[in-house]
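All remarks here apply to the structure that follows.
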Amino acid sequence: MAITEPELSAVAPPSDLAVVADSSHDERWRITGGSPIRGEVRSAGAKNAVTKELVATLLTDEPCTFTNVPRIGEMDATLPMLAQLGTKYEWVDDHTLTLHTPEITGQISEEYSGINRIPILFMGPLLNRIGEAEVPLVGGCTIGPRPVDYHVEGLRAMGAEIDISPHRFRATTDRLVGTRHRLPYPSVGATENLILAAVTARGTTVIENAAMEPEVVDLVLFLQKMGANIAVDIDRRIVIQGVERLGGATHRVIEDRIEIASYAAAAVATGGDIEVIGAQQEHLLTFLNALRRVGGNFEVHDRGIRFWAEGPLIAHHLETDVHPGFMTDWQQPFVVLLTQADGPSVVHETVYENRFGYTSTLARMGANISLTSQCLGSRTCRFANRDFSHSAVITGPTPLQPTDLVIPDLRAGFAYVLAALIAEGTSTLHDIGYLKRGYEDIPGKLGQMGVKVEELGGDDA
């Protein structure tokens, strides 16, 4: 693929990455990098599965129990929302959680507006349980507009009347009714929302062009245990026959394939050798192929997958896509990995239009990365001929320099962790709340792999 120089815009160092002046409440991590990571680590339960499954418990008045639950910030945001609705929950042990909502006693207040993407997923269960739902506007990482039009259109097709104010969604229905609905794009959130709405709706719902990510399938498996009638059909079609009621169930949350890939990329980028306990090959198929092509390797065992660097890293071209393609949340750590590969690599982002903002900080650390609005790939891309810098050219290998890093969002956050692991010396990460939202105990897990990580509060020098 020919790339001419005028098509590219070099990533300039950002001008606003100075450490926040008032650091009295600034919890930070100080990471000493420059050495291979070695050892083993246990993968956590998937953030993108468990939060939706917690919402699904609203569909029954019976108790539900989950095992392999991650202890992450997203749980701390989602559980209080459930409590406002009437859910009683109890941690049975560190990773086992029981929830019970005998009746819906409230709605979610506006204090949760903008915290994450979960509130809109409450609409289907609430409409099915009590015929009305009021939820605050959604939020999440700044990686593009991520509109909720697909959610609203699908629920309206099922008979919901939805009003949207500057701060809230309000929906009502006598009863949701099954329909045939085609999503314009296989959105994970919209697919999950329609599934949650359809399982106790009257009649049959067919979702066409549905998302088929492992986390969506895990939600389907949990709902099936509760008594739902759901078929995952060919050609991205999900068929749901509504039932009168659902019961309680016990479910083990699948492992977090994003966390697993993040640590795997770290092992290869640092020339290390680790085993991730609980990693499942079938959830990582596309990632494993890319990792091997770039010069990493892996070995599947009964208890997990071992990852290591096979030799010098080589450039690779890849494109993100919906499952079973290369996951957009694998892109950030993989870009950092490619800064250590020999030659020019190309990454074409086709899922979110604004997901390369973090690369300006990598450039400040010494990476050679250029962005372009052109589609540098073979896949049909909805961002073609639009002014989004959604392709990146990474030329390596380049040494990375340690520095202060201000984390802008969850997945870029682990890219910064990986950059700090590669850089020889000490880097300090600020605004780590983003990382704690989606990754379980990064300091502890890195410590198990031989990395020195200091956890600092606002009063630490």
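What follows is calculated from the coordinates using simple rules that are stated; it is not laboratory data. These numbers were taken from a predicted model, which means no experiment stands behind them. Cβ atoms come from the backbone with ideal geometry, glycine included; neighbour counts cover every protein chain shown.
A few comments on the model shown:
- Ranking PHE388, MET365, GLY447 by how far each Cα lies toward the positive end of the dipole of the range 335-461 (charges on Cβ) leaves PHE388 at the top.
- What the Kirkwood sum gives for the range 383-454 is a hydrodynamic radius of 13.9 Å, with every pair of different alpha carbons counted.
- Basic side chains Lys and Arg get +1 at the Cβ, acidic Asp and Glu get -1 at the Cβ, and with that the dipole of the chain about its Cα centre reaches some 920 debye.
- Loop-resident trypsin sites (Lys or Arg not before Pro) (DSSP state other than H, G, I, E or B) in the range 332-394 with no more than 14 further Cβ atoms inside 10 Å of their Cβ: ARG379, ARG382, ARG386.
- The H on the amide N of ALA44, modeled in the peptide plane, is under 5 Å from the matching H of ASP256, each at least 5 residues off or on a different chain.
- With the helix formula -39500 (n - 2.57) applied to DSSP H stretches of n ≥ 4, the chain reaches a computed 222 nm mean residue ellipticity of -8000 deg cm²/dmol.
- Rounded to 5, the percent of DSSP beta bridges in the range 347-461 classed as antiparallel: 70
- Note on ASN354 and GLN281: the extension gain reaches 23.3 nm, defined as 0.36 nm multiplied by sequence separation minus the Cα-Cα distance.
- When every Cα-Cα distance of the chain is counted in 20 angstrom steps from zero, the calculated P(r) takes the values 25, 56, 20, 0 percent.
- The average projected area of the range 20-117, computed from the convex hull of its Cα atoms over all directions, is 9.6 nm².
- Charge dipole of the range 62-194 about the Cα centre (unit charges at C-beta), most positive-ward option of VAL177, ASN68, LEU85: VAL177
- Total formal charge among the other residues, if their Cβ is under 10 angstrom from that of PHE307, Lys/Arg +1 and Asp/Glu -1: -2
- Placing unit charges on the Cβ atoms only, positive for Lys and Arg and negative for Asp and Glu, gives the range 168-238 a dipole magnitude near 360 debye about its Cα centre.
- Within the range 220-321, chymotrypsin sites (Phe, Trp or Tyr not before Pro) in DSSP loop having at most 14 other beta-carbon neighbours inside 10 Å: none
- For the chain, the longest site-free run once GluC sites (Glu not before Pro) in DSSP loop states with at most 11 other Cβ atoms within 10 Å are removed: 245-461
- Dipole orientation for the chain: of the candidates SER378, LEU126, THR57, SER378 has the Cα lying most toward the positive pole (charges on Cβ; Lys, Arg +1; Asp, Glu -1).
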